Amino acid sequence: MKDKEENKVKTAFVVTMAILALISMVPVTVCAQSDVKINEIMYNPTGVDENHEWLEIYNKDITGINITDWRFFEADTNHRLTLVQGSMFIPAGGYAIIADNATMFLNEHPECNCTVIDSSFSLRNTGEYIALKNATQDIVDEVTYNASWGADGNGKTLERNAAGGWQESFANGGTPCEPNSVNFVPFSSWGPPVMYTWNITADARNPENVGKNATTGIFTATEEIDNETYYVINTSKPSGYTKLYVGKDEVNEDDLRKRVVTEMEPGVEIVNLTFDPAFVMWDFPLRNGKTWNGTTSVTGMIVNETGSNIQIDTIAVVSAKVTAEIVTVPLGTFPCLVVETNISYEIAGQQTSYLEKSWISPTDNGYLTPKYQSYVNGAPVEELELMDVIPPTFLNATDNNTTINATIGEFLVVTLEGNPTTGYTWEVEELNEQVLQQIGDIAFVPESNLIGAGGIQIATFEVVGPGNATINMVYHRPWETDVEPADTFTLNVIAS
């Protein structure tokens with residue numbers, strides 16, 4: 001069995017680069033020309049091909065595109081585009097379907113509300129060259145697909161992935177008019193601390209918060225429950241805060257929820273619930289159409305709308321589903337999976353449903369949460385929309401004996417080579433806790449699974465106040481108090 005702490009720090013290291021990639025999710029603001037892509041191909045549907053083939057195009061541009069008089073080519077055969085549904089103007093982030101038989105397509109996909117175009121064609125099952133050309137017959141996009149890529153008669157499609165390559169869709173029938181299933185997060189992401197800044201667009205419990213900002217600290221604190229370590233995801237508002245206690249199922253790569261606490265104001269709790277066992281909050285890999293369910297025992301207290309304190313000791317039923325949506329928030333426009341988790345349990349003899357919706361957008365190795373909503377018995381309670389993401393500042397041995405400027409609320413992550421299996425380890429020897437505070441213990445990430453392998457040690461600090469502070473770290477055997485350390489690291493921090 002793997003050591004629990006080793007597993008935790010391994011997952012932390014894996015997503016260090018994912019946190020750095022968060023800012024890259026912000027859409028660019030300059031575009032020299034239209035950026036429309038062939039995005040999905042149904043070239044060999046199950047059963048009869050005729051009248052059931054289609055392809056999807058996607059407007060990646062930041063402006064809308066008029067595709068009037070554009071043409072579709074397959075094996076150099078020129079096909080006209082005849083509008084059946086929607087508009088020849090494809091908005092930024094919008095989709096259009098080019099179908100062999102548009103009427104048949106709409107019968108099979110009545111949920112699709114994007115532009116649908118008729119353009120009689122017949123795609124080869126073995127593969128062929130296809131292209132999209134604009135009104136002046138310039139190539140907009142082209143691809144030569146091949147049956148070896150997948151989706152060969154099994155009811156799935158070829159989807160363009162985030163790297164620009166092609167994969168067989170996870171979803172049966174593909175994802176017409178929706179973000180591609182292959183672009184979503186295959187694994188959960190844990191890593192160094194990061195701060196979200198939200199705009200509060202709805203708050204039924206504290207209406208005075210609406211229009212103001214909330215902050216969420218992710219991986220910024222841990223607490224022990226039943227001898228298990230959980231990350232505390234803390235969301236603070238001008239009035240009130242909520243703490244989620246989240247753990248990890250190492251085997252199944254699932255995120256688990258153990259506890260939730262909500263305060264209206266200091267000392268006034270309205271929710272304090274513990275779930276045993278911790279239930280699956282996000283079941284990875286996330287993909288459109290996925291569902292899961294389970295049960296858990298829930299204990300604690302909740303304050304109802306009349307102000308009565310109600311004790312809870314019952315069984316909760318958990319059900320979840322994943323859909324796809326493009327969402328626009330103050331930070332930008334993002335293709336997302338929407339994870340809906342419904343927790344149903346009895347309160348004072350009444351069955352109560354608590355629904356959460358989290359919009360999850362992929363980064364290269366992790367995810368971003370642009371939007372969050374919650375409901376009680378179908379009534380909206382809370383909505384948060386992402387405004388900013390503040391990743392930590394990463395430092396290493398090259399920053400030894402230097403001075404940096406930092407701001408209150410910023411996190412500093414120091415990574416240094418080390419090997420605690422030899423008895424030597426990095427420790428913080430001096431720290432002005434009025435300015436800097438260490439977050440958790442120093443983690444060790446081995447460079448391999450070999451016994452005794454070296455690696456890196458990771459120390460995390462939060463800037464908590466203004467002033468000057470020095471981080472002094474030593475690499476030594478802690479019991480050798482009269483021996484000079486094997487190495488040192490010093491960093492001067494000017495905080496404002």
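For the reader, a short list of remarks on this structure follows.
Residues are listed down the side, and each one gets a yes or a no for (1) touching a residue at least 12 places away in the same chain (Cβ under 8 Å); (2) over 15 Å from PHE394 (Cβ atoms); (3) over 28 Å from the mean Cα position of the chain (by Cα):
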position	(1), (2), (3)
PRO446	yes, yes, no
LEU450	no, yes, yes
GLY454	yes, yes, yes
ALA459	yes, no, no
ASN472	yes, yes, yes
THR481	no, yes, yes
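- Filter result for the condition that a residue is more than 28 Å from ASP388 (Cα to Cα) and touching a residue at least 24 places away in the same chain (Cβ under 8 Å), over ILE326, ILE315: ILE315
Matching residues to (1) modelled with pLDDT of 95 or more; (2) among the acidic types (Asp, Glu); (3) closer than 20 Å to ILE458 by Cβ:
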| site | (1), (2), (3) |
| --- | --- |
| GLY366 | no, no, yes |
| THR369 | no, no, no |
| SER374 | yes, no, no |
| GLU382 | yes, yes, no |
| ALA406 | no, no, yes |
| GLU417 | no, yes, yes |
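- Here is the figure for region 45-74: residues that are within 18 Å of SER122 (Cβ to Cβ) and either surrounded by 13 or more Cβ atoms within 10 Å (Cβ to Cβ) or polar (S, T, N, Q) (or both) total 13.
- Residues that are hydrophobic (A, V, I, L, M, F, W, C) and either in contact with a helix residue (DSSP H, G or I) (Cβ under 6 Å, 6 or more places away or on another chain) or not in a strand (DSSP E or B) (or both), drawn from region 222-251: VAL251
- Number of residues in region 335-389 that are surrounded by fewer than 18 Cβ atoms within 10 Å (Cβ to Cβ) and farther than 24 Å from THR295 by Cβ equals 5.
- Subset of region 300-310 (residues that are more than 14 Å from ARG257 (Cβ to Cβ) and part of a strand (DSSP E or B)): MET301, ILE302, VAL303, ASN309, ILE310
Residues are listed down the side, and each one gets a yes or a no for (1) at pLDDT 95 or above; (2) closer than 26 Å to THR197 by Cα:
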{"position": "GLU325", "(1), (2)": "no, yes"}
{"position": "THR328", "(1), (2)": "no, yes"}
{"position": "GLY332", "(1), (2)": "no, yes"}
{"position": "VAL338", "(1), (2)": "no, yes"}
{"position": "THR341", "(1), (2)": "yes, yes"}
{"position": "SER344", "(1), (2)": "yes, no"}
{"position": "ILE347", "(1), (2)": "no, no"}
{"position": "THR352", "(1), (2)": "no, no"}
{"position": "ILE360", "(1), (2)": "no, yes"}
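- Residue match in region 464-471 (condition: of a type in the set (S, T, N, Q), outside the structural domain of SER236 (by TED's automatic domain parsing), buried (at least 16 other Cβ atoms within 10 Å of the Cβ) and in a strand (DSSP E or B)): no
- Checking each residue in region 416-444 for being touching a residue at least 40 places away in the same chain (Cβ under 8 Å), under 19 Å from ILE218 (Cβ atoms) and either in a loop (DSSP other than H, G, I, E, B) or of a type in the set (Ser, Thr, Tyr) (or both) picks out ILE439, GLY440.
- For region 300-322, a tally of residues being surrounded by fewer than 15 Cβ atoms within 10 Å (Cβ to Cβ) and within 30 Å of the chain's Cα centre (by Cα) returns 1.
- Scanning region 362-406 for residues that are among the small types (Gly, Ala, Ser), under 20 Å from LEU244 (Cα atoms) and part of a strand (DSSP E or B) turns up just one, SER374.
- Filter pass, LEU244 being within 17 Å of LEU355 (Cα to Cα) and of a type outside the set (Lys, Arg): yes
- Subset of region 109-140 (residues that are surrounded by fewer than 16 Cβ atoms within 10 Å (Cβ to Cβ), of a type in the set (Asp, Glu) and within 20 Å of GLY173 (Cβ to Cβ)): GLU111
- Annotation: GLY86 fulfils all but one of (1) without any contact (Cβ under 8 Å) to a residue 60 or more places away in the chain; (2) out of contact with any Pro (no Cβ under 9 Å at 6 or more places or on another chain); (3) surrounded by fewer than 15 Cβ atoms within 10 Å (Cβ to Cβ); (4) over 17 Å from ASP141 (Cα atoms); the unmet one is (3).
- Restricting attention to region 217-262 and to residues that are over 23 Å from VAL298 (Cβ atoms) and modelled with pLDDT of 90 or more, the residue that is surrounded by the most Cβ atoms within 10 Å (Cβ to Cβ) turns out to be LYS237.
- Per-region count, region 297-320, residues at positive phi and modelled with pLDDT under 90: 1
- Count of region 473-493 residues, restricted to those that are surrounded by fewer than 15 Cβ atoms within 10 Å (Cβ to Cβ) and not in a loop (DSSP other than H, G, I, E, B), is 1.
- Answer residue from region 276-296, given it is under 17 Å from the mean Cα position of the chain (by Cα) and of a type in the set (D, E, K, R) and is modelled with the highest pLDDT among those: ASP283
- Test: ILE360 is aliphatic (A, V, I, L, M) and either without any contact (Cβ under 8 Å) to a residue 40 or more places away in the chain or outside the structural domain of PRO277 (by TED's automatic domain parsing) (or both): no
The values are calculated or read from the model by the stated rules, or taken from the named source; none is laboratory data. Because the structure is predicted, anything quoted here is derived from the model rather than measured. Ideal geometry is used to build each Cβ from the backbone, glycine not excepted, and the neighbour counts take in all protein chains shown.
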